[in-house]
Amino acid sequence: MVDVTDATFETEVLARSEQVPVVIDLWAAWCGPCRTLGPIIESVIAETNGGVVLAKIDVDANPKCAGAFQVQSIPAVHAMKDRRLVDSFLGAQPEAAVRDFVQRLLPTPEETEIDRLVRAGDEASLRQALEAESDHVGAVLALAELLGGSGRGEEALALLARIPDTAEVRRVAALVRVGAEVGDVEAELTSLLDRVRGDDDARQRFVDLLEVLGPDDPRTADFRRKLTTRLY
């Protein structure tokens with residue numbers, strides 16, 4: 001179980017749901033039914049031995065999360081896989097109903113085999129995983145990055161088009177387009193600034209290099225500001 005905040009929602013819920021189903025319990029300290037339901041959910045999810053993760057969100061302390069889920073009454077419970085909501089219920093529920101809800105989230109034997117193939121990580125295993133589930137997010141990302149690294153960029157980008165656009169999809173697509181030959185990124189970004197306004201290829205290269213740097217690199221914000229100044 002993890003207590004999630006507005007600041008940690010991306011990593012603890014969205015990103016985590018790409019690896020394991022996440023049950024989101026929206027609650028508040030003043031809510032009597034929440035206090036009844038909470039221990040039941042915790043106990044049932046503990047029985048999965050890590051097969052499902054519980055994320056508890058105090059709606060009073062985290063208004064952004066509450067707004068994202070359009071909370072009108074609590075307790076409200078949602079289940080997420082691969083960044084998508086897959087099931088929900090409202091109000092306190094008996095233990096049997098909660099257990100049924102959680103059991104539906106556990107992987108089938110076929111899904112477990114796909115995860116094994118993705119963990120293997122070689123091209124043959126990843127392609128086998130995608131034969132079973134053509135839009136499996138983990139398999140698509142892993143294979144696209146592998147293909148991009150071996151010079152098969154067009155195939156990699158076509159593969160990424162199968163899944164919804166996310167920050168990780170954009171990062172992998174940028175890596176594919178940029179390719180292996182990246183020298184002094186800062187020097188290249190500086191040189192591209194004079195061309196971004198009228199050159200679509202230069203602008204795409206500039207944006208891709210920023211994706212490769214990532215949001216935590218302080219140069220990313222600086223060069224994004226410079227790009228905005230040049231374009232507008």
Taking Asp216 and the conditions (1) assigned to a loop (DSSP other than H, G, I, E, B); (2) touching a residue at least 40 places away in the same chain (Cβ under 8 Å), which numbered condition does it fall short on, given that it satisfies the others? (2)
Taking the range 104-159 and keeping residues in contact with a helix residue (DSSP H, G or I) (Cβ under 9 Å, 6 or more places away or on another chain) and of a type in the set (S, T, N, Q) leaves Ser125, Gln128, Ser134, Ser150
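In the range 99-118, what count of residues is obtained for those that are among the hydrophobic types (A, V, I, L, M, F, W, C), in a helix (DSSP H, G or I) and within 14 Å of Val22 (Cα to Cα)?
We begin by selecting, within the range 99-118, every residue among the hydrophobic types (A, V, I, L, M, F, W, C); these are 101-102, 105-106, 114, 117-118.
Okay, now just the ones that are also in a helix (DSSP H, G or I), so 101-102, 114, 117-118.
Cutting the leftovers down to within 14 Å of Val22 (Cα to Cα) gives us 101-102.
Of the residues in that region, 2 qualify.
Test of understanding: among Leu37, Leu85, which residue is surrounded by 13 or more Cβ atoms within 10 Å (Cβ to Cβ) and either touching a residue at least 60 places away in the same chain (Cβ under 8 Å) or part of a strand (DSSP E or B) (or both)? Before you say what the answer is, go through the steps one by one.
On the way: Leu85 fails: surrounded by 13 or more Cβ atoms within 10 Å (Cβ to Cβ).
Of Leu37, Leu85, the one residue that is surrounded by 13 or more Cβ atoms within 10 Å (Cβ to Cβ) and either touching a residue at least 60 places away in the same chain (Cβ under 8 Å) or part of a strand (DSSP E or B) (or both) is Leu37.
Test of understanding: among Glu168, Glu188, Glu145, which residue is part of a helix (DSSP H, G or I), more than 25 Å from the chain's Cα centre (by Cα) and not hydrophobic (A, V, I, L, M, F, W, C)? Can you show your working first?
Details: Glu168 fails: more than 25 Å from the chain's Cα centre (by Cα); Glu145 fails: more than 25 Å from the chain's Cα centre (by Cα).
One residue alone meets the criteria, Glu188.
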Has the range 190-206 got any residue that is under 16 Å from Leu141 (Cβ atoms) and surrounded by 12 or more Cβ atoms within 10 Å (Cβ to Cβ)? no
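Quickly run through the range 125-136 and pick out the residues that are buried (at least 22 other Cβ atoms within 10 Å of the Cβ) and under 16 Å from the mean Cα position of the chain (by Cα). I'd like the intermediate steps shown before the answer.
Quick first cut of the range 125-136, residues buried (at least 22 other Cβ atoms within 10 Å of the Cβ) only: 126, 129, 136.
If the condition is that a residue be buried (at least 22 other Cβ atoms within 10 Å of the Cβ) and under 16 Å from the mean Cα position of the chain (by Cα), then His136 is the only one that fits.
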Any residue at all in the range 5-27 that's over 21 Å from the mean Cα position of the chain (by Cα), surrounded by 13 or more Cβ atoms within 10 Å (Cβ to Cβ) and at pLDDT 90 or above? yes
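Restricting the range 40-60 to residues that are outside any loop (DSSP other than H, G, I, E, B), hydrophobic (A, V, I, L, M, F, W, C) and surrounded by 15 or more Cβ atoms within 10 Å (Cβ to Cβ), which is farthest from the chain's Cα centre (by Cα)?
Going residue by residue through the range 40-60, those that are outside any loop (DSSP other than H, G, I, E, B) are 40-46, 53-58.
Retained after the next criterion (residues that are hydrophobic (A, V, I, L, M, F, W, C)): 40-41, 44-46, 53-55, 57.
Those still in the list that are surrounded by 15 or more Cβ atoms within 10 Å (Cβ to Cβ) too: 40-41, 44-45, 53-55, 57.
Details: Ile40: 27, Ile41: 24, Val44: 25, Ile45: 21, Val53: 15, Leu54: 16, Ala55: 15, Ile57: 18 Å.
Once the filter is applied, the top-ranked residue is Ile40.
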Taking the range 88-98 as the search range and keeping residues that are part of a helix (DSSP H, G or I) and touching a strand residue (DSSP E or B) at 6+ places or on another chain (Cβ under 9 Å), which one is surrounded by the most Cβ atoms within 10 Å (Cβ to Cβ)? Val98
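The values are calculated or read from the model by the stated rules, or taken from the named source; none is laboratory data. What you see is a predicted model; the values in this text were computed from it and never measured. Cβ: placed from backbone, ideal geometry, glycine included. Neighbour counts: every protein chain shown.
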